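The values are calculated or read from the model by the stated rules, or taken from the named source; none is laboratory data. Predicted model, so just to flag it, every value in this text is computed and none were measured. When we count neighbours, we look across all protein chains shown, and the Cβ atoms used for this are built from the backbone with ideal geometry, even at glycine.
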Amino acid sequence: MSKGIKKTGVPSWEELKDTSGLPDEKRLEEGPVAFIECVQEIPCNPCELACPSGAITVGRPITNLPRIEGEKCTGCSLCLAACPGLAIFKVHKNYSETTSLVEFPFEFLPLPQECEIVRCVDRYGRFVTEGRVIKVKRLKKYDLTPLITIEVPKIFFSDVRSIEREVCNND
Amino acid sequence: MRISDHPILGKDRREKKIIISVDGKEIEAVDGEPIAAALLAAGIRVFRKTPKTGGPRGVFCAIGRCTDCIMTVNGLPNVRTCVTPVEQGMEIETQIGHGKWKDER
Amino acid sequence: MKYAQVAIIGGGPAGLAAAIEIARGGGQATVMDENHRPGGQLFKQIHKFFGSHEHQAGVRGYAIGEQLLKETSEMGVDVMLNTSVYGIFDNFKIGYIEQKREQLLQAERIILAAGASENTLALPNGTLPGVMGAGAAQTMINVHRVLPGRKIIMVGSGNVGLIVSYQLLQAGADVVALLEAAPEIGGYGVHASKIRRTGVPILTSHTIKEVVGKCQVEGVIVVELDGSMAQKPGSEQFIEADTVCIAVGLNPLTELAWLAGCEFVYIPVLGGNVPRHDTNMETTVKGLYVAGDISGVEEASSALDEGRLAGIACAESLGLYSSGEARQLKAAVWDRLDSLRTGPFGQKRKDAKDKLISTGEGSVL
């Protein structure tokens, strides 16, 4: 049983499900969709403004947790780069019969190369599976927050949220 | 330990390098950076020894408020190295205790 | 003697925002800053800010800094750099040192925006080189591009400890552990989640028993704390490290307010002794205003808005705005400040600020 965000810095499943930031099962099956893993009330709403389809609502007060309307989400990924807390991810559960895609923000060097095999980790930084880098996006509108898309075995789509960071020596 | 490339700051494009000396030994510094940065980059962390116990001290606040980082610079003691920029040929010395003015030595 | 209509001491976000508002009102602002470049701590904030669009949410701190500098320059604000203010004397004569000479400046109004300084921790061997403030490490990596060490122990899980840990990772260092004495993480969960994803352990109910090293930090002995924050014997473990960053809060730099005779209130949530001020950011010394961390440690976004508030109120007091115009402008800023001070994190600060603000001589809300 996870002890939750205040104790560990990682939201528990109960905390995630309690928000309205995760899409429902049906929408998840249909195609790429945003997963907003924001579980605390802090004054913050860039995700609402970033979404071009109006799929994210925060409203007033701006401490409200963001709610996602799955039907409106087009999987454009703009909210992933806009979130100052790097708390939004994108999942394409049925990328293939056996694999899913997970897209996540990654502000470290070195960035992996497309097609590279990488070590994928969960919210605790624990190794989960190897995966393949499908895309590395560095668009100007992301303001220096690269977005990486990795392909992982389908059973891991709800666990994998990043890749292992290489400790690079600058000297 | 200089950061040559950084995910947000990008590559270090500062070109102008100068030479300063620390306890007689020459090291390279980036023109305009604080003395403390040049020393830390060169792996030097002990900046002074305290008056009573001779204990080692170095950077604490890095914004010129705490005076832990003071050294003797060009003969002048008690210089806050974290907010004083390097200059070509600057002579920096590990300060022992309260330090001495050049003409006191 | 130099003269200034409004002398603003401190050129960080609060001071610059105040200067811009004075200039907007048609007044003359003179910013006095000790550093060779204004911006305060803004330029080392390389992360995207929170808040709303009006707070410039999603914009990185240094970009907000650059914008402020551009505006102050466009509005003809006088900025005195390498200028250390050391005293405020009778009738708002300001003593300062510039170019190694003591000088005096006569001001009509003063806005103090001197910010805050990092707290330290009394640890055995805690003065060893390698023990530094978390903000100090942040300055070194983000402003000077120098790694202060390679293996870091971070003490404190407030937003500063969490954010600086993340930025140390971005700079290429290895954060071996983040220690928090309390049983829960103090700062935003999302900041903690970012570092947990990279594998950094967050040890709640832990602290440093002793720093180990001869001439500099070589490691720490950490110890677990029980429910009453006492060290649990037998729970000690050695962790190898070359740097210890202390992120246990900030305290306002209030010397000038004390010298000027301001009344103070002791409020721990705001960082300690803070100068009493009203809804106009005016202290108990008429014509002397405060803004930013000097009036209570919060964040850059609130510093910016408090600076605007002090600037508008000060301009109003000089007759540059009618009371109607000023009321509208101030209400807009108060709206933004109030929205920052909501939710489980902001409410404590709102309560503290309400306690600090007085509606008259000696009375407290």
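Some points to look at:
- For the residues A:Glu25, A:Glu41, the requirement of being out of contact with any strand residue (DSSP E or B) (no Cβ under 8 Å at 6 or more places or on another chain) and more than 14 Å from chain C (Cβ to nearest Cβ) singles out A:Glu25.
- Within segment A:44-61, considering residues that are assigned to a loop (DSSP other than H, G, I, E, B) and surrounded by fewer than 22 Cβ atoms within 10 Å (Cβ to Cβ), the one nearest to the other protein chains (Cβ to nearest Cβ): A:Pro61
- Filtering C:Leu162, C:Leu112, C:Leu203 for residues that are crowded, with 24+ Cβ neighbours inside 10 Å, more than 26 Å from B:Ile44 (Cβ to Cβ) and out of contact with any Pro (no Cβ under 9 Å at 6 or more places or on another chain) leaves a single hit, C:Leu162.
- A:Ser77 meets all of the listed conditions (1) surrounded by fewer than 19 Cβ atoms within 10 Å (Cβ to Cβ); (2) away from chain C (no Cβ under 14 Å) but one, namely (1).
- Residue in segment C:143-153 that is touching a helix residue (DSSP H, G or I) at 6+ places or on another chain (Cβ under 6 Å), among the small types (Gly, Ala, Ser) and more than 7 Å from every other protein chain (Cβ to nearest Cβ) present: no
- Qualifying positions in segment A:62-101 - in a helix (DSSP H, G or I) and either hydrophobic (A, V, I, L, M, F, W, C) or without any contact (Cβ under 8 Å) to a residue 40 or more places away in the chain (or both): A:Lys72, A:Leu78, A:Cys79, A:Leu80, A:Ala81, A:Ala82
- Count of segment B:1-43 residues which are at the interface with another protein chain (Cβ under 8 Å from one of its Cβ atoms), surrounded by 13 or more Cβ atoms within 10 Å (Cβ to Cβ) and either touching a Lys or Arg at 6+ places or on another chain (Cβ under 6 Å) or not aliphatic (A, V, I, L, M) (or both): 9
- Residue identified as farther than 21 Å from A:Ser53 by Cβ and either more than 11 Å from every other protein chain (Cβ to nearest Cβ) or loosely packed, with under 15 Cβ neighbours inside 10 Å (or both) among A:Glu130, A:Glu103: A:Glu130
- Scanning segment B:65-92 for residues that are farther than 25 Å from C:Gly40 by Cβ, surrounded by fewer than 20 Cβ atoms within 10 Å (Cβ to Cβ) and touching an Asp or Glu at 6+ places or on another chain (Cβ under 7 Å) gives a single hit, B:Asn74.
- Any hit, segment A:82-94, residues being modelled with pLDDT of 95 or more, away from chain C (no Cβ under 14 Å), farther than 29 Å from C:Gly199 by Cα and crowded, with 16+ Cβ neighbours inside 10 Å: no
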